[in-house]
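To start, the structure under review is shown below, and the notes come after it.
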Amino acid sequence: MTAPPTGTQGELACLHCSPQRTVWRRVLGDIVEVHKVYQAGAATTAEQEFERGRLAAGAGVIDYRDVVTDQRSGRPAVRIAFHDGQDLESMVADVGAVPAARALALVGRAATTLARLHAIRTATAPRGIVHGDVKPQNLLLERGSYDKVLLLDFEHARVIGVTRVVETFSGGTAAWAPPEAHCGAAPDASFDVFGLGATLAFLLDGGISRLVPRNRDVDALVQACCDPDAGLRPTAAAVAARCTELAASVLEESAEADLHDWATGRCEARPDDEDDPRSAMWLRRARLRQRLPQLLARPDDVPTTPSDLLVRIEQVARVLRRFPRNAAALQWRRDLVDRTASLLRDAAEHAHKLARREQFADAVRWLRDLEALTSAVCATPSGLARVVAMAPGDEPSALHRSPLEFLEMLRKKVQADADELAA
């Protein structure tokens, strides 16, 4: 482990943080890097991530440079190349349900990279390596590119067939891990294929809780990747080839144009053939728009209370379940999330103000409402990232590392103050 580059600290911007990790974008002269600081854990964990990242080096993988000691915290950190771009979860937050051809192109690129990783044969990785945490947040679309995707974050990467897993959960992120990961199975190539299928489904549905109608072959690919039986999943190479094939074919389908017409809320061109589920949905959505002409009309105001904001978040979620590419609804959701972020930044001051007035019940009720709102926002694509976003130079606080735990701590303190006064 070495010291970071010498010289002044330069500009710092926190890209992501949790109780265990802090990810900084660091600008030092002409050098722009990402420094992932391990706030908890042994130095060997950072070294293992670096080693696996270097082993995976090549096309489609972010460049790992070194393991250093962070000068600010004294903790181990991994130096990584910075690439300007947007992760696929943030992209979905902006555009909603992604058209099938683009979603297939993006996942196909990632599958090609993973196939290369699975095929690595070296003395230290005789059966290849598995990324172990394939999800939209770990796939970076480079700025200005249609489908150039880079694989991020090798903290959960493993050497296939070498690592003995003793944990009860062996996946990277529970929501994106295959069933066998929850039983402690050793990670292998099928782990990554499951993540590809889950990511493809997320892109196609726009991160909403309702399935958007799909081409039957595309749906079959999702189902095959996410098969509960790991042995029945295709290889990453097969997924890449199938994505390329399907991306070309869906571009020729009129049903995809019909889907786009109603998913955006336009409902301008009635389909000629309504046998396909993507086209059949058009008439139902057009009737819904006629029956509820104000459904897509955005309210003039953005509420200022947690309870009213939660009502609006649920309202816009219902709209997006029916029109998952509607630009106005997507922008409305972003505005509601940003207002939630504003409330979170002022939460401690507001709760303290109510407590000073001995309005303890009001403070507890307000904080509970804010907890419910924050939970709902964090369930939306990129919601957590937006509510904890920081300006360059800001230091991460307990709020940024875990907003729900922060709110619970505030609520318990208010309740303790109320109990003390009552005593």
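Observations, loosely collected:
- Sparse-neighbourhood loop sites, GluC sites (Glu not before Pro) in region 201-255 - DSSP loop, at most 12 other Cβ within 10 angstrom: GLU252
- Built amide H within the under 5 Å cut-off of ASP66, gap 5+: ARG79
- Heavy atoms of TRP24: accessible area, 1.4 Å probe, square angstrom to 10: 10
- Cα centroid separation, region 196-240 to region 54-128: 20 Å.
- Proximal lysines to LYS148, defined as alpha-carbon separation beneath 24 angstrom and excluding residues fewer than eight positions away on the same chain: LYS36, LYS135
- Carbon/sulfur fraction of accessible area - region 96-149, other protein chains in place, 1.4 Å, %: 54
- Applying 1/(1 + (r/R0)^6) with r as the Cβ-Cβ distance of SER397 and GLN290 and R0 = 35 angstrom yields a FRET efficiency of 0.10.
- The trypsin sites (Lys or Arg not before Pro) found in region 184-255 that occupy coil by DSSP, while having at most 13 further C-beta atoms within 10 Å, are ARG210.
- Efficiency of FRET between ARG121 and ARG54 - r from beta-carbon atoms, R0 22 angstrom, step 0.05: 0.85
- Distance between the modelled labels on ASP335 and GLN415, one decimal in nanometres: 3.6 nm (7 Å Cα→Cβ projection).
- Virtual spin-label span in nm between PHE82 and ALA241, 7 Å along Cα→Cβ: 4.1
- Counted charge near ARG411, where neighbours are those whose Cβ lies closer than 13 Å (Asp, Glu -1; Lys, Arg +1): -3
- Only one residue of HIS118, ALA59, TRP366 has its Cα farthest out toward the positive end of the dipole of the chain, where Lys and Arg carry +1 and Asp and Glu -1 on Cβ, and that residue is TRP366.
- Accessible area expressed per residue, the chain, with surrounding protein chains retained (probe 1.4 Å, Å²): 46
- For LEU211, distant residues with modelled amide H under 5 Å away: none
- In this structure, ARG365 and ALA42 have a Cβ-Cβ separation that, at R0 = 41 Å, corresponds to a calculated FRET efficiency of about 0.45.
- Nonlocal amide H pairs with GLY132, under 5 Å, H built at 1.01 Å: ASP192
- In plain terms, the chain from ALA248 to ALA280 could stretch by 9.3 nm, reckoned as 0.36 nm per residue minus the Cα-Cα distance.
- Where ARG357, ARG102, ARG109 fall by accessible area, highest first, once all protein chains stay in place (1.4 Å): ARG357, ARG109, ARG102
- Taking the C-alpha atoms of the chain, convex hull volume expressed per residue in Å³: 171
- Counted residue by residue at 0.36 nm each, then reduced by the alpha carbon distance between them, the extension gain from MET390 to GLU405 reaches 3.6 nm.
The values are calculated or read from the model by the stated rules, or taken from the named source; none is laboratory data. Here the structure is a predicted model, which is why all the values come from computation and not from measurement. Quick reminder, even Gly has a Cβ in these numbers, built from the backbone with ideal geometry, and neighbours come from all protein chains shown. We work out accessible area using only protein heavy atoms, side chains counted, and drop any ligands, DNA or RNA first. Shrake-Rupley method; radii C 1.70, N 1.55, O 1.52, S 1.80 Å.
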